[in-house]
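Trainee: Got a structure here, written out as structure tokens. Questions coming.
The values are calculated or read from the model by the stated rules, or taken from the named source; none is laboratory data. Just so it is clear, the structure is predicted and the values come from calculations on it, not from any experiment. As a convention, Cβ positions derive from the backbone with ideal geometry for all residues, glycine included, and neighbour counts pool all protein chains shown. These accessible areas exclude ligands, DNA and RNA; they are computed on the full protein's heavy atoms, side chains included. Shrake-Rupley method; radii C 1.70, N 1.55, O 1.52, S 1.80 Å.
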Amino acid sequence: MAHVVYTRALSAGRKHTLQVLMMLRGPTCGSPYTWCVPGGGWEPEERKMISSARSKAEEMRVRRSASVREAIEEISAGCGIPSLQIEESLLTFSPSPLPRDIVLPSTTLDMLEPSYPQEASIQAKSPTGNPINSYYFVCPVPPLQAAEWEPRSPLETDALGFQWVDLELLVNAPGTKLALETIDIELREELGVEFPLTPWIRGFFITEGWHLIDTVRTVHDKVLASKDQL
């Protein structure tokens, strides 16, 4: 599986609070009514390209491209920031056709570059610590875009809502249920307002632990500082 971990840094004096964009999965998704980050399974074409890659760097570019494709499919119908123009040739496999307006942070395009920081690529592990075929790619969102961006799902039932959540909370208490204040009144009466994390994202925060916070800080410095976006 390929996932994008969109992150932002909120400043209060000298302190920076790191947050992750979480997505509440809709009723037609696997593990419905749970929180995750945008992502999903490999397409057959992507699997072939991964298995035939001639280098680790080439293999990782395909995996990052898959995560961008998933972001396009799951959360690119938002508003508040300028839309991106992504050429189909930049993706190893793309939805056909690509949406006219892809509303994702500008740093999403950086993920398609070979020079994207290696630290941003995290392979998930099983509870016993063994690597599994699931990858998470950290993508920092520039502060102004993070404040204005309102992500939405292109398909109405794919996601019920989005929320920025403190990374420290997710690392310290991955079993915590997260509330969605804007949930539909009928669902509120049926399901309540608090929902758990999906098993795989909960496992990701458990196995990565505090190391994930250091990784996100490093990626923020490398991706945003070069653009004068800190």
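Trainee: Name the helices (complete DSSP H segments) of the chain with a Cα length along the long axis of 20 Å or more and a Kyte-Doolittle mean of at least -0.5, or state none.
Mentor: Values: long enough: 56-75 (28 Å, -0.82); 211-225 (21 Å, 0.22).
Once both thresholds are applied, what remains is 211-225.
Trainee: Okay, next question. Give the accessible area for residue 16 in Å² (nearest 10); use a 1.4 Å probe, count only protein heavy atoms, and leave out ligands, DNA and RNA.
Mentor: 110 Å²
Trainee: More than 20 Å apart: what percent of Cα pairs in segment 81-189 qualify?
Mentor: Values: 3556 of 5886 pairs.
Result for the distance tail: 60 percent.
Trainee: Take the alpha carbon gyration tensor of segment 119-170, find the square roots of its eigenvalues, order them as a ≥ b ≥ c, and report rounded if a/c is under 1.5; if not, report prolate when a/b exceeds b/c, else oblate. All intermediate terms of the calculation are to be shown ahead of the outcome.
Mentor: Numbers: a/c = 2.22, a/b = 1.58, b/c = 1.40.
Cα axes put segment 119-170 in the prolate bin.
Trainee: Right, something else. Summarise the accessible area of the chain (1.4 Å probe, protein heavy atoms) by the percent that is carbon and sulfur.
Mentor: Working: 5810 of 11350 Å².
That fraction is 51 percent.
Trainee: Enumerate lysine pairs in the chain that are 8 or more residues apart or on different chains, then count those whose Cα atoms are under 25 Å apart. Before the final figure, lay out each step's value.
Mentor: On the way: 15/222; 15/227; 48/56; 48/125; 56/125; 56/222; 125/177; 125/222.
Lysine pairs meeting both conditions in the chain amount to 8.
Trainee: Moving on. With an 8 Å cut-off on Cα pairs and a minimum separation of 6 or more residues, tell me the relative contact order of segment 87-190 in percent. Walk me through the intermediate numbers first.
Mentor: Working: 57 pairs, mean separation 19.2, N = 104.
Reported relative contact order: 18 percent.
Trainee: Calculate log10 I(q)/I(0) of segment 27-77 for q = 0.13, 0.22, 0.24 Å⁻¹, where I(q) comes from the Debye formula with a single equal point scatterer on each Cα and nothing for solvent.
Mentor: Calculated log10 I(q)/I(0) at the listed q: -0.38, -0.83, -0.91.
Trainee: For the chain, modelled as a GNM with alpha-carbon contacts under 10 angstrom, which of 88, 208, 168 fluctuates the most?
Mentor: Fluctuation is largest for 88.
Trainee: Given segment 46-108 reduced to its alpha-carbon atoms as identical point scatterers, what log10 I(q)/I(0) does the Debye formula return at q = 0.18 Å⁻¹?
Mentor: With one equal scatterer per Cα and no solvent, log10 I(q)/I(0) is -0.65.
Trainee: Something else about it: Quick one: grab Rg to one decimal and Dmax as a whole number for segment 8-50, Cα atoms only, in Å.
Mentor: Taking only Cα atoms of segment 8-50, I get Rg and Dmax of 16.5, 48 Å.
Trainee: Nothing charged except the Cβ atoms of Lys and Arg (+1) and of Asp and Glu (-1): what's the magnitude of the dipole of the chain about its Cα centre? Round to the nearest 20 debye. Display every interim value, and only then the final one.
Mentor: Numbers: 21 positive and 30 negative charges, 162 e Å.
Around 780 debye, computed over the chain.
Trainee: Follow-up question, since we're still on this one. Heavy atoms only, probe 1.4 angstrom, no DNA, RNA or ligands counted: give me 79, 36 ranked by accessible area, highest first.
Mentor: Values: 79 50, 36 0 Å².
Accessible-area ranking of 79, 36, largest first: 79, 36.
Trainee: While we're looking at this one, here's another question. If you put +1 on each Lys and Arg Cβ and -1 on each Asp and Glu Cβ, how big is the dipole of segment 1-105 around its Cα centre, in Debye rounded to 20?
Mentor: Details: 13 positive and 11 negative charges, 110 e Å.
With Lys and Arg at +1 and Asp and Glu at -1, about 540 debye.
Trainee: Okay, moving on. Taking the full set of protein chains and a 1.4 angstrom probe, give the accessible area of residue 200 in square angstrom, rounded to the nearest 10.
Mentor: My reading of the accessible area for residue 200 is about 80 Å².
Trainee: Show me, for segment 131-144, the HN-Hα J-couplings you get by feeding each phi into the Karplus relation (A = 6.51, B = -1.76, C = 1.60, θ = phi - 60°), rounded to Hz, glycine and proline as x.
Mentor: Couplings: x, 10, 7, 9, 10, 10, 10, 6, 10, x, 9, x, x, 5 Hz.
Trainee: Suppose all protein chains stay in the model; what accessible area per residue would a 1.4 Å probe give for the chain, in Å²?
Mentor: Details: 11350 Å² over 230 residues.
With the other protein chains kept in place, the chain gives 49 Å² per residue.
Trainee: Another question, then. Given the C-alpha centroids of segment 27-67 and segment 121-141, what is the distance between them in whole angstrom?
Mentor: About 11 Å separates the Cα centre of segment 27-67 from the one of segment 121-141.
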